[in-house]
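J.: Here it is, the structure in full.
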């Protein structure tokens with residue numbers, strides 16, 4: 001039977017994207033696994049490689065200095081095309097790899113064993129591999145060890161995803177959201193890349209809980225989050241910061257663009273009819289702050305957006321306010 005998931009590249013990339021892990025710092029849970037591969041299999045190099053649209057990026061690497069390579073050069077790009085491990089005893093005598101720059105030059109790959117990292121729904125998002133600079137065979141016991149360690153990598157990916165998601169709304173937790181903010185602060189510092197932050201509160205949320213009960217409040221949280229998820233762009237990042245407060249991070253967006261986006265969110269939430277007896281309707285107030293020289297910490301950026309959010313509430317709720325560059329007088 002044809003394994004369609006091996007050929008559905010769009011779905012595979014979406015599965016990888018759900019982990020929100022590309023370009024994140026090293027983490028001990030993954031580094032311990034590559035160190036185990038290196039010591040148990042007796043190889044000088046091991047990586048956890050995640051295959052993006054045009055590159056392989058190393059979430060963990062030991063014995064290799066580079067953090068990524070072009071996808072078309074990657075041994076791991078071959079590994080993800082199948083359900084079974086890929087073993088290359090001698091790359092120099094393998095027509096697929098003999099002229100590969102990773103073989104003829106640094107890091108001088110000569111032998112390779114890699115296992116695909118399959119998500120629970122069946123998409124190969126990357127590999128765990130062992131690499132040597134001399135020809136060698138990998139025996140069945142070593143491949144079994146590599147497969148078991150690969151399963152641990154997938155478990156860590158899943159645990160990481162669950163830990164960074166709010167169980168009620170499905171949005172990022174506050175901690176994970178602030179980490180995304182820090183990433184975009186770094187991009188602004190290095191390259192002046194724009195980004196904007198939306199903070200919003202569900203208006204009079206306490207009244208919903210007091211009148212209809214906390215289960216109804218939970219439904220409102222879920223439905224508002226789902227509405228925002230439908231409304232946002234693919235690269236926008238939604239987080240639940242606490243209670244009825246949410247944040248949306250808008251990459252590559254200035255304050256004017258963020259204002260238009262916030263109004264779309266505001267209108268979509270106001271139009272939402274939430275299934276309940278009787279049906280519920282809610283609104284939200286939005287504060288916007290564009291990243292800038294006075295907002296190069298997550299605390300300062302959040303504070304600027306919070307001032308604008310207060311202005312939106314003070315102005316009558318169900319509206320949008322934009323912080324000025326000094327975050328003192330929102331528009």
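J.: Say we look at the range 41-65 and pick out the residues that are in contact with a helix residue (DSSP H, G or I) (Cβ under 7 Å, 6 or more places away or on another chain) and surrounded by fewer than 15 Cβ atoms within 10 Å (Cβ to Cβ); which of these is nearest to residue 15 (Cα to Cα)?
T.: That would be 53.
J.: Another question, if that's okay. Of the residues 317, 295, only one is closer than 26 Å to residue 222 by Cα and either assigned by the TED database to the domain that holds residue 195 or in a helix (DSSP H, G or I) (or both); which?
T.: Only one candidate qualifies: 317.
J.: Determine whether residue 20 is over 18 Å from residue 161 (Cβ atoms), in contact with a strand residue (DSSP E or B) (Cβ under 9 Å, 6 or more places away or on another chain) and surrounded by 16 or more Cβ atoms within 10 Å (Cβ to Cβ).
T.: So residue 20 does not fit the description; no.
J.: Another question, then. Any idea how many residues of the range 186-201 are out of contact with any strand residue (DSSP E or B) (no Cβ under 8 Å at 6 or more places or on another chain) and surrounded by 14 or more Cβ atoms within 10 Å (Cβ to Cβ)? Let's see the steps before the verdict.
T.: Our first condition is that a residue be out of contact with any strand residue (DSSP E or B) (no Cβ under 8 Å at 6 or more places or on another chain); within the range 186-201, this holds for 186, 189-192.
The next check asks that each one be surrounded by 14 or more Cβ atoms within 10 Å (Cβ to Cβ); those that pass are none.
The qualifying residues number 0.
J.: Let me ask something additional. Just to be sure before I move on: is residue 304 touching a strand residue (DSSP E or B) at 6+ places or on another chain (Cβ under 6 Å), farther than 25 Å from residue 168 by Cα and modelled with pLDDT of 95 or more in the structure I sent?
T.: Numbers: touching a strand residue (DSSP E or B) at 6+ places or on another chain (Cβ under 6 Å): yes; farther than 25 Å from residue 168 by Cα: yes; modelled with pLDDT of 95 or more: yes.
Taking the combined requirement at face value, the residue satisfies it.
J.: Next up: When you check residue 145 against the structure, is it under 30 Å from residue 284 (Cβ atoms) and out of contact with any strand residue (DSSP E or B) (no Cβ under 6 Å at 6 or more places or on another chain), yes or no? Spell out the reasoning first.
T.: Numbers: under 30 Å from residue 284 (Cβ atoms): no; out of contact with any strand residue (DSSP E or B) (no Cβ under 6 Å at 6 or more places or on another chain): yes.
Criteria not met by residue 145.
J.: Only one of these is in contact (Cβ under 8 Å) with a residue 24 or more places away in the chain and farther than 27 Å from residue 18 by Cβ: 249, 272, 280. Name it. Quick ask: steps written out before the conclusion?
T.: Working: 249 fails: farther than 27 Å from residue 18 by Cβ; 272 fails: farther than 27 Å from residue 18 by Cβ.
Checking each option against the conditions leaves just 280.
J.: So, in the range 231-244, of the ones that are over 17 Å from the mean Cα position of the chain (by Cα) and surrounded by fewer than 17 Cβ atoms within 10 Å (Cβ to Cβ), which residue ends up nearest to residue 302 (Cα to Cα)?
T.: Across the range 231-244, the extreme among qualifying residues is 242.
J.: When both residues are 6+ apart or on different chains and their Cβ atoms are under 6 Å apart, which pairs have a first residue that lies in the range 303-320 and is at positive phi, and a second that is part of a loop (DSSP other than H, G, I, E, B)?
T.: Here the result reads 317/203; 318/283, each pair linking the range 303-320 to a residue that is part of a loop (DSSP other than H, G, I, E, B).
The values are calculated or read from the model by the stated rules, or taken from the named source; none is laboratory data. Because the structure is predicted, anything quoted here is derived from the model rather than measured. FYI the Cβ positions are ideal-geometry reconstructions off the backbone, even for glycines, and counts take in every protein chain you see.
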